[in-house]
Amino acid sequence: GTPAYLFVVQIVTGILLDHHGEVVERESLFKRVWDTNYTGDTRTLDVHVSWLRRAIEIDPRYTNAHNIRGSTLSDLGRLEEALAACDRAIEIAPWYALAHYSRGNFLKAKGEVEAAIASYREAIRFWADRRGRVRGSLTDLAKAHVNLGIALDDKGDPDAAIAEYREAIRLKPD
């Protein structure tokens, strides 16, 4: 059978994939995975990071594991390591839009708005082709436009931000 730790990694992975590159609060993960509100001083998420590291050792080109590891590290407040994990995923597969999106979120969390804007634009570029066809999740593409809008607004460019919000609404009106 599948080792128990891989089962838990799969659950955590699924939750993190549902929230592509977004910060998922530690308490929320505990509640959803272990059905408990207790987080105490446990090192459970750190253990999951080590399991993701092990998965990467088994298949170093598994871009999704690098990206998920980045999300988990971000949840632990380890943004530099989270960025390094995303950078590794992008190094393996430069077209991997989700890693660019996650990278944008981590850069934004660090206050590096210009770099975040560039990462969101890369994610959008890889999620939509020049003809406007979406390659991947329409929801993810819309989220990238929203986050780009937020970053542009933070930069002091409300007109560009509004254009991004409008594009997100056009893509995903519901």
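Please report the carbon-and-sulfur percent of the accessible area for the range 56-174; probe 1.4 Å, protein heavy atoms only, DNA, RNA and ligands left out.
Values: 3110 of 6000 Å².
Summing carbon and sulfur atoms, their accessible area is 52 percent of the total for the range 56-174.
Top to bottom by accessible area (1.4 Å), largest first, where do 126, 106 land?
126, 106
The values are calculated or read from the model by the stated rules, or taken from the named source; none is laboratory data. Being a predicted model, the structure only gives us computed values, none of them experimental. In case anyone asks, the SASA skips ligands and DNA or RNA and just uses the protein heavy atoms, side chains included. Shrake-Rupley method; radii C 1.70, N 1.55, O 1.52, S 1.80 Å.
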